[in-house]
1. Can you tell me the FRET efficiency between His113 and Leu15 if r is taken as the Cβ-Cβ distance and R0 is 22 Å, rounded to the nearest 0.05?
2. What order do you get for 16-23, 128-135, 64-71, 40-47 when each peptide is scored by the mean count of other beta carbon atoms within 10 Å, highest first?
3. Using θ = phi - 60° and the Karplus relation 6.51 cos²θ - 1.76 cosθ + 1.60, list the HN-Hα couplings for region 54-62 in order, rounded to whole Hz, with x at every Gly or Pro.
4. What is the spin-label model distance, in nm, from Ala126 to Glu81 if the labels are put 7 Å beyond Cα along the C-beta direction?
Amino acid sequence: MEPTEADNEIEEEHLLNFVVNSLDEELEIDIDENVKVTTKTLYEVLAGASAGGASINHVCETTEGSPHANTVRGHLTEQFELDSVEAVGDALLQRDALETLPDRPVEACADLHLDPYYGDEDETEALYSSQAKRGTTTFHA
């Protein structure tokens, strides 16, 4: 039997498994025995929302067999602080993605959310200025 050459394409399933396995190694979720949802399912919803640029709500509503969005968000917000999840995500990108795909371009994106700020700008650090929106030009970003 002659070996076959790889087609040099990454399938969606492979990428999802890579992300879910990486998250499972770095972010431990403590789930009670009586809970029906698995950590793999939580990671799949999270990865699907992230990769698709969608919300957890959207992924849960449009994916067959997915748990309710409140269940997913509840487990994630109970267990993690945003800063720790962000730090792990950065570490995974640096460690795994760039080492796994060194000869290929890696597309990355960031989403900036602007929350209006109406207080005294001089008293608060790290404000972002932008075009007027909702009666202010100052935002938390």
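Any read-out appearing in this document is the output of simple, stated calculations on the displayed coordinates, not a laboratory observation. Values in this document were obtained by computation on a predicted structure and should not be read as measured data. Cβ sites come from the backbone with ideal geometry, for glycine too, and all protein chains shown count toward neighbours.
1. Computed FRET efficiency for His113 and Leu15: 0.30.
2. Descending packing order for the listed peptides: 40-47, 16-23, 64-71, 128-135.
3. 10, 8, 4, 4, 4, 4, 5, 6, 9
4. 1.1 nm
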